[in-house]
Amino acid sequence: MAASGAAATDLEVIRGKRAALFFAAVAIVLGLPLWWKTTETYRAPLPYSQISGLNALQLRLMVPITVVFTRDSVPLDDQEKLPFTVVHEREIPLKYKMKIKCRFQKAYRRALDHEEEALSLDNVKEAEAMLAEQKEQSEGSLTVFVISEHSLLLPQDMMSYIGPERTAVVRGIMHREAFNIIGRRIIQVAQAMSLTEDVLAAALADHLPEDKWSSDKRRPLKSSLGYEITFSLLNPDPKSHDVYWDIEGAVRRYVQPFLNVLSAVGNFSVDSQILYYAMLGVNPRFDPASSSYYLAMNSLPHVINPVESRLGSSATSLYPVLNFLLYVPELAHSPLYIQDKDGAPVATNAFHSPRWGGIMVYNVDPKAYNSSELPVRVKVDMVRVMEVFLSQLRLLFGIAQPQVPPKCLLSGPKSEGLMTWELDRLLWARSVENLATATTTLTSLAQLLGKIGNIVIKDDVASEVYKAVAAVQKAAEELASGHLSSAFVASQEAVTSSERAFFDPSLLHLLYFPDDQKFAIYIPLFLPMAVPILLSLVKIFLEAHKSWKKPEKID
């Protein structure tokens, strides 16, 4: 009986050991991997190497130029060398991590018969009209016509002409170095019509250090998919002034044609409002010499904040809002003028604030007060007002007057208020700005996700990152190929996808879930189960260790 009891006890001990080993094996082989897999932070793979390579991206902005030579524009020996292609490339000296090179590809050829006929006229406008009927040019391309140095197409004291379309005219020369001399003139004209350091510096103002390039270049609006334009009439004294403005007709006749041309840059919405008893918030000073009131230049920044609280449009808008305010001063402060930094009255009686909008002061004719009782009926001259607002709108978008070379005749703008090559220049600037913004956003996102390992990276976020990287690369390729329109579209896609990934709400789900909270959750769960298993394993190990050291008896 004693032997059978001992055998049963040994059997129970063996079963206990096997059970402990089995539970330990299940916990280690199945439990731990299953727990690790089900509780890990999901992080979809991202193209970190491609994102880091974007910082070393070199942009080559190619401007295709077709150079057309008429008869007697260059010596006969040089005409026999046509056609051929010349490439002029130079680096834009900007203090930015992304290297930018401008590439002018000039394709020289002889003029066709209809081009010779048009360029033989004595009026450059008529010649442009005839040439425009024959061929439409793609975005970003230029055509330069080289005429005889004695041609009457241009005034004799002018060496070149820049038209409203993508065309220019340059005088030729009978010289053995004719191609070199004319080539330099063409580059000067092409730079004025396309890419300059100032244009690119203004586009990259938010990405450049504070130096001579960026200190006074923070004027243009940032690139966006859409813009909202609000025209506001401020009548602080409705008891004295009954103001009427035909804003609907003015927008239809003057503003909408301009915005239709700019529709390639973004979508626009226009609205208007009339605000009564809306004051500027700055007390004008009285000038006894002229019996008028004035606003000094140093007080203009204090005008905007009190008025902006009454506008109420920027708080609910998804896009940048441009405010254009027409202020009719109250009777007690009339007439009111704006002074420049030298104390002289501003000709337009208006000023603009970068990336915000503009304000124009509209004084009532003093004779109106003598002929009628209050309130005086005031009919606003919308032609004069819209001239000011459109010029301010051009400045807000960075469309400034080009720096033309010496002895260059610049054509006036088209009826829409914008030259075609000015739109191309804006697309160049916006494309570069979008690429810089997308690259900065992707780099910041990659650094953030690399430093904080418990941020969830969902598949849709990774998809947006891949789309943004591909769009940046495509835009760079299109710019290098001279396809401006498709490059701008790709750059917009890059910005949209990169910002959509950066501001995705799912990135914040586990951002504030530190390790001490994990231990507080998992220790009460695993400790009651792990202690018996660990004690059993320790006991089995100690017993096995004793059995190995116990000497065997030899009879």
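The values are calculated or read from the model by the stated rules, or taken from the named source; none is laboratory data. The shown structure was predicted, so the numbers you read here are calculated from the model rather than taken from an experiment. All Cβ positions, glycine included, derive from the backbone under ideal geometry; neighbour counts span all protein chains shown. For the accessible areas, the whole protein counts, side chains as well, though only heavy atoms, and no ligand, DNA or RNA atoms are used. Shrake-Rupley method; radii C 1.70, N 1.55, O 1.52, S 1.80 Å.
Remarks
- Cα pair distances in region 67-149, grouped into 10 Å bins until the bin that holds the longest one, percent each: 15, 38, 28, 13, 5
- Cα-Cα over 29 Å, subset of Lys222/Lys467; Lys101/Lys458; Lys97/Lys467: Lys101/Lys458
- With the helix formula -39500 (n - 2.57) applied to DSSP H stretches of n ≥ 4, the chain reaches a computed 222 nm mean residue ellipticity of -13500 deg cm²/dmol.
- Once the convex hull of all Cα atoms in region 295-351 is built, its volume per residue stands at 103 Å³.
- Among 398-407, 97-106, the order from most to least packed when residues are scored by Cβ within 10 Å on average: 97-106, 398-407
- Based on protein heavy atoms only, region 34-149 ends up with 55 Å² per residue of surface accessible to a 1.4 Å probe.
- Overall form of region 369-486 per C-alpha gyration tensor (a/c, 1.5; a/b vs b/c): oblate
- Stokes-Einstein, applied to the Kirkwood radius of region 51-189 over Cα pairs at a viscosity of 1.306 mPa s and 10 °C, places its translational diffusion at 98 µm² s⁻¹.
- Rolling a 1.4 angstrom probe over the chain with all protein chains present gives an accessible area of which 57% lies on carbon and sulfur atoms.
- Extension gain, Leu32 to Asp342: 0.36 nm times the residue separation minus the Cα-Cα distance gives 103.8 nm.
- Rounded to the nearest 0.05, the FRET efficiency derived from the C-beta distance between Asp157 and Asn454 at R0 = 56 Å is 0.20.
- Close amide H partners of Asn267, meaning residues 5 or more places away or on another chain with modelled amide H under 5 Å apart, are Gly226, Tyr227.
- The length gained on full extension between Gln58 and Gln273, counted as 0.36 nm times the residue separation minus their Cα-Cα distance, comes to 72.7 nm.
- Using the Cβ-Cβ distance between Asp72 and Ser290 with R0 set to 51 Å, the FRET efficiency works out to roughly 0.30.
- Debye log10 I(q)/I(0) for the chain, one point scatterer per Cα, at q = 0.06, 0.07, 0.10 Å⁻¹: -0.50, -0.61, -0.99
- Å² of accessible area per residue within region 153-201, as computed with a 1.4 Å probe and no ligands counted: 36 Å²
- Converting phi to 3J(HN,Hα) with the Karplus coefficients 6.51, -1.76 and 1.60 and the offset θ = phi - 60°, region 478-489 yields 5, 5, 5, 8, x, 9, 5, 4, 5, 5, 5, 4 Hz in sequence order, with x at every glycine or proline.
- Cα centre as origin, Lys/Arg/Asp/Glu Cβ charges: the chain dipole, Debye: 2240 debye
- Packing rank of 168-177, 345-354, 324-333, 535-544, where each peptide gets the mean count of other beta carbons within 10 Å, highest leading: 324-333, 168-177, 345-354, 535-544
- Secondary structure note: in the chain, about 25% of the DSSP beta bridges are antiparallel.
- Solvent-accessible area per residue in region 344-489 equals 42 Å², computed with a 1.4 angstrom probe and all protein chains kept.
- Cα-projected label distance for Met174 with Glu126, points at 7 Å along beta-carbon direction, nm: 2.6 nm
- The aspartates and glutamates whose alpha-carbon is closer than 18 Å to the alpha-carbon of Lys341, local same-chain residues fewer than 8 away aside, are Asp216, Asp287.
- Across region 418-426, rounded Karplus estimates of 3J(HN,Hα) from the backbone phi angles (6.51 cos²θ - 1.76 cosθ + 1.60, θ = phi - 60°) give 8, 7, 5, 6, 5, 5, 4, 5, 5 Hz, Gly and Pro being marked x.
- Separation in nanometres of the label points that stand 7 Å from Cα toward Cβ, at Asn283 and Asp242: 3.3 nm
- Taking amide hydrogens as placed 1.01 Å from N in the peptide plane, the amide H of Leu61 sits under 5 Å from those of Lys101, Cys102, Arg103, each at least 5 positions away in sequence or on another chain.
- Counting only heavy atoms of the protein chains and using a 1.4 Å probe, Trp356 has close to 30 Å² of accessible surface.
- Taken along the Cα-to-beta-carbon direction at a fixed 7 Å, the label points for Leu508 and Ser547 span 6.1 nm.
- Listed by chain and number, the aspartates and glutamates whose C-alpha is less than 12 Å from the C-alpha of Lys451, apart from same-chain residues fewer than 8 away, amount to an empty set.
- √(5λ) per eigenvalue of the Cα gyration tensor, region 154-201, largest first, Å: 22, 15, 8
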